[in-house]
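Peer 1: Pasting a structure here, questions to come.
The values are calculated or read from the model by the stated rules, or taken from the named source; none is laboratory data. A quick note: this is a predicted structure, and the numbers were derived from the prediction, not measured. Heads up, the Cβs are rebuilt from the backbone with ideal geometry, glycines too, and the neighbour counts pull from every protein chain shown.
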Amino acid sequence: MTERRRGGTQPRKLGLGAVALVAALAAGCSSSHASSPSASEQAAIQPPSWELKGSYKPSIDPANFVATIDNRYFPLEPGTAFHYKGVEDGKPHTDDMVVTDQTKQILGVTATVVEDTVSANGKAVERTFDWYAQDKDGNVWYMGEDSLEMKNGRLQRASDSWEAGVNGAQPGIIMEGNPQPGDVYRQEYYPPGDALDQAHVVRLDGTRKVAAGTFDRVLVTDEWSPVEPQMERKSYVAGLGEIEEHVTEGGNEHYELVSVTH
């Protein structure tokens with residue numbers, strides 16, 4: 001799945017433009033739709049030791065970006081659709097993520113548009129248009145999202161929609177080009193809209209069994225948002241993408257990959 005709403009940098013040797021990027025992420029350092037924890041649950045959830053604080057403003061150079069998103073853990077080929085099944089608060093849901101052939105210009109960068117639709121009982125309850133772009137080092141940047149949620153019987157724009165460069169919103173990294181255990185990075189940064197997700201790489205050698213199959217050498221990450229205390233674990237497979245995510249603290253949600261179509 002893409003960075004889904006809750007309620008999508010490198011501590012290593014990097015290439016073009018990376019020095020500025022590391023400095024920005026060190027200083028500061030898919031929106032998700034997980035169910036919200038109760039007040040008592042929030043009080044019991046402690047921020048992780050790796051939580052990022054402070055200001056954040058990465059340097060974006062359009063010349064440092066490429067046209068194709070072929071990150072091994074987060075490939076986005078237009079025409080590809082990822083199909084997931086899941087449960088939220090005991091109710092079955094589906095999530096269909098479609099990589100479109102549409103693009104959007106953000107901060108001078110051409111971003112790929114991904115449409116992500118969450119449905120219950122066959123009816124869409126959330127729809128998000130996510131914008132992604134890949135730099136020359138293989139990092140996939142999350143450039144913003146136009147989120148719609150069900151209100152009064154129809155899909156309406158959500159308050160945590162954001163676009164990098166607008167009203168103080170800053171882009172983040174949805175997937176590093178060379179993730180390593182211990183890495184921590186911001187995925188989105190829009191304080192006015194409470195979009196502040198950040199991620200921590202846990203391991204590269206996980207094993208996961210989902211509806212689509214059993215996988216080894218799985219990249220495992222944890223995600224956290226300080227404005228809505230909740231811990232979410234995600235799993236990715238090289239050459240495929242995200243295969244599973246589930247809330248481990250502060251909610252009751254689980255999604256897993258069923259199939260991929262082209």
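Peer 1: Go through (1) within 23 Å of S235 (Cβ to Cβ); (2) at pLDDT below 95 and name the single condition Y56 misses.
Peer 2: Result: Y56 fails condition (1) only.
Peer 1: May I pose another question? Quick one: is P171 in contact with a Pro (Cβ under 7 Å, 6 or more places away or on another chain), crowded, with 17+ Cβ neighbours inside 10 Å and more than 24 Å from K85 (Cα to Cα)? Can you show your working first?
Peer 2: On the way: in contact with a Pro (Cβ under 7 Å, 6 or more places away or on another chain): yes; crowded, with 17+ Cβ neighbours inside 10 Å: yes; more than 24 Å from K85 (Cα to Cα): yes.
Here the answer is yes, as P171 does meet what is asked.
Peer 1: Of the conditions (1) under 17 Å from P181 (Cα atoms); (2) surrounded by fewer than 17 Cβ atoms within 10 Å (Cβ to Cβ); (3) of a type in the set (V, I, T), V237 fails just one. Which one is it?
Peer 2: For V237, the exception is condition (2).
Peer 1: Can you confirm whether G213 is over 14 Å from the mean Cα position of the chain (by Cα), closer than 28 Å to T94 by Cβ and buried (at least 19 other Cβ atoms within 10 Å of the Cβ)? So that I can check it myself, show each step before the final result.
Peer 2: Numbers: over 14 Å from the mean Cα position of the chain (by Cα): yes; closer than 28 Å to T94 by Cβ: yes; buried (at least 19 other Cβ atoms within 10 Å of the Cβ): no.
No, not satisfied.
Peer 1: Further question on the same structure: Residues that are under 18 Å from the mean Cα position of the chain (by Cα): which strands (runs of 3 or more DSSP E) entirely in the stretch 58-167 hold 2 or more of them?
Peer 2: 81-88, 91-106, 109-120, 123-135, 140-151
Peer 1: Scan the stretch 167-185 residue by residue and report those that are among the polar types (S, T, N, Q) and at pLDDT 95 or above. Break it down into steps so the answer makes sense when it comes.
Peer 2: Residues of the stretch 167-185 among the polar types (S, T, N, Q): 167, 170, 178, 180.
The answer is Q170, N178, Q180.
Peer 1: Just checking, does the stretch 220-232 include any residue being crowded, with 22+ Cβ neighbours inside 10 Å, closer than 13 Å to Y73 by Cα and small (G, A, S)?
Peer 2: no
So that you can scan it fast, the table gives a plain yes or no per residue for (1) β-branched (V, I, T); (2) in a loop (DSSP other than H, G, I, E, B):
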site	(1), (2)
G177	no, yes
G182	no, yes
D205	no, no
D222	no, no
V227	yes, yes
R233	no, no
E245	no, no
H254	no, no
S259	no, no
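Peer 1: Specify the residue that is farthest from V227 (Cα to Cα); the eligible residues are those in the stretch 48-80 that are out of contact with any His (no Cβ under 7 Å at 6 or more places or on another chain) and among the hydroxyl-bearing types (S, T, Y).
Peer 2: T68
Peer 1: Let me ask something else about it. Applying the selection to the stretch 184-203, what residues are assigned to a loop (DSSP other than H, G, I, E, B) and either surrounded by fewer than 24 Cβ atoms within 10 Å (Cβ to Cβ) or in contact with a helix residue (DSSP H, G or I) (Cβ under 8 Å, 6 or more places away or on another chain) (or both)?
Peer 2: First pass over the stretch 184-203, keeping only residues assigned to a loop (DSSP other than H, G, I, E, B): 187, 194, 196-197.
D194, L196, listed by residue number.
Peer 1: Of all residues in the stretch 240-262, which are hydroxyl-bearing (S, T, Y) and either within 12 Å of the chain's Cα centre (by Cα) or crowded, with 22+ Cβ neighbours inside 10 Å (or both)?
Peer 2: Of the stretch 240-262, the ones hydroxyl-bearing (S, T, Y) are 248, 255, 259, 261.
Across the stretch 240-262, the qualifying residue is only Y255.
Peer 1: Right, another one. Quick check on A111: is it surrounded by 15 or more Cβ atoms within 10 Å (Cβ to Cβ), small (G, A, S) and either modelled with pLDDT of 95 or more or in contact with a Lys or Arg (Cβ under 9 Å, 6 or more places away or on another chain) (or both)?
Peer 2: Numbers: surrounded by 15 or more Cβ atoms within 10 Å (Cβ to Cβ): yes; small (G, A, S): yes; either modelled with pLDDT of 95 or more or in contact with a Lys or Arg (Cβ under 9 Å, 6 or more places away or on another chain) (or both): yes.
Judged against the criteria, A111 is a match.
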